Every structure is written in C-alpha cells, then in structure tokens.
Amino acid sequence: MAFFDAFGVDLPKLIFQVINFLLLLYLLNRFLFKRVLSLLDERRSKIEQGLEDAESAARDRELARAEREAAVAEARKEAQALVARSNKMAEDARDEILAEARSQAEKLTEKARAEIVAEKEKAMAEIRSQVADLALDAAAKLVESQMDAPTQRRLVQRFLAEVKPSTKGGS
C-alpha cells in the first residue's frame with residue numbers, strides 16, 4: 001500500500017470507482033449500446049434496401065426505356081407500312097382512273113368516227129339524189145321528150161349503180 005500512498009491514491013475509493021465503472025459499462029452495454037447497435041444495424045439494412053430498390057428502379061427504368069424504344073420502332077414500322085399501303089392504293093386508284101379515262105376517250109373517238117361515217121353516208125346520199133336529178137334533167141334535155149315514170153326510174157337506178165362503184169373507190 002505504500003505504493004498507493006506514494007501517489008495519493010485511496011484504494012477503497014479506487015476499487016469503488018472501478019466497480020462503478022464496470023457496472024456503468026455493463027448497464028450501458030445492456031441498455032444503451034445494444035439498442036444503439038440494433039438501431040445502427042436497422043439503419044444499415046434500410047440503407048442497403050434503399051440501394052437495392054434504387055438499383056431495381058434503375059433496371060426497371062432501363063427496361064421501360066427499351067420497351068418504349070421497341071414500341072416506337074414498331075409504331076414507325078407500322079406507319080411506314082401504312083404509308084406504303086396508302087401510296088399503293090392511291091397509285092392503283094390513279095391507274096384505274098387513267099384506264100377509265102382512256103376507255104371513255106376511245107369510246108368517244110369511236111362514236112365520233114361513227115358519226116362522221118353516218119354524216120358522210122348522208123352527204124353521199126344527198127349527192128346521189130342531186131346527181132340523179134341532174135341526170136334526169138340532162139336526159140330530158142337530150143331527148144327533149146317527156147319520159148314516163150317507169151323509164152325514168154330505170155334510168156336513175158342504172159345511173160346510181162354506175163355511180164356507186166366509182167364514188168366508193170374514190171373516197
């Protein structure tokens with residue numbers, strides 16, 4: 001004890017303080033440190049969970065972005081197909097309209113040709129009639145006599161028979 005007296009240490013007080021320290025350490029460990037450590041562990045697990053959730057959300061965002069890009073690409077492809085189909089339909093409609101217009105133009109041309117031929121025949125008939133009248137007048141002047149109706153008809157028919165081949169060959 002001389003050692004403790006040399007430094008001025010009171011041994012019973014030192015033992016009491018050591019016991020108090022150990023008791024305080026035990027109580028702190030039992031009631032405070034375990035609680036604080038469990039709170040720290042709980043907080044660490046929440047932080048880890050948050051990090052995992054963030055990583056999961058990042059993966060989900062990436063998947064959603066990839067799906068969105070795929071949907072946009074598919075929509076573009078469908079839009080291009082729709083435009084191609086529309087262009088094809090428009091081209092087919094245009095071709096059909098052109099074919100119909102050509103057909104109508106050909107019909108109108110044929111109708112005009114038929115009308116021209118009819119008008120030509122009508123004009124030829126009128127010319128024949130006038131030629132027959134002139135022939136009768138000329139024949140009457142040459143003969144200077146009055147012919148009867150059956151003789152005139154016979155002459156006109158013979159004249160027309162002679163005129164028809166020459167006019168058809170000339171037209």
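The values are calculated or read from the model by the stated rules, or taken from the named source; none is laboratory data. This is a predicted model, so every value here is computed, not measured. Note that each Cβ is placed from the backbone with ideal geometry, even for glycine, and that neighbours are counted across all protein chains shown. Note: accessible area is taken over every heavy atom of the protein model, side chains too, but ligands, DNA and RNA are not part of it. Shrake-Rupley method; radii C 1.70, N 1.55, O 1.52, S 1.80 Å.
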Practice item. Give, in nm to one decimal, the length gained when the segment between L25 and A57 is fully stretched (0.36 nm per residue of separation minus the Cα-Cα distance). Key: 7.1 nm
Check your understanding: Can you tell which of A149, A101, A57 shows the greatest fluctuation in a Gaussian network model of the chain with Cα springs below 10 Å?
Key -> A149
Check your understanding: Label-point separation (nm) for E121 and E67, each offset 7 Å from Cα along Cα-to-Cβ?
Key -> 8.0
Revision key, fill the gap. Helix 11-27: inclination vs the chain longest Cα principal axis, degrees, rounded to 10, gives 20
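Quickly estimate the mean residue ellipticity at 222 nm for the chain, helices only: each DSSP H run with n ≥ 4 gives -39500 (n - 2.57), and the total goes over all residues, rounded to 500.
On the way: 4 runs with 155 residues, N = 171.
One gets -33500 deg cm²/dmol as the mean residue ellipticity at 222 nm.
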Check your understanding: Tilt of helix 149-170 relative to the longest C-alpha principal axis of the chain, in degrees (0 to 90, nearest 10)?
Key -> 40
**Study point:** Accessible solvent surface per residue of the chain, calculated while the other protein chains remain in place, 1.4 angstrom probe, Å²
**Key:** 88
Study note, to complete from the structure: Helix 34-143 sits off the longest principal axis of the Cα atoms of the chain, rounded to the nearest 10 on a 0 to 90 degree scale, by 0
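Taking all protein chains as present, what is the carbon and sulfur share of the accessible area of the chain, in % to the nearest whole number, probe 1.4 Å?
61
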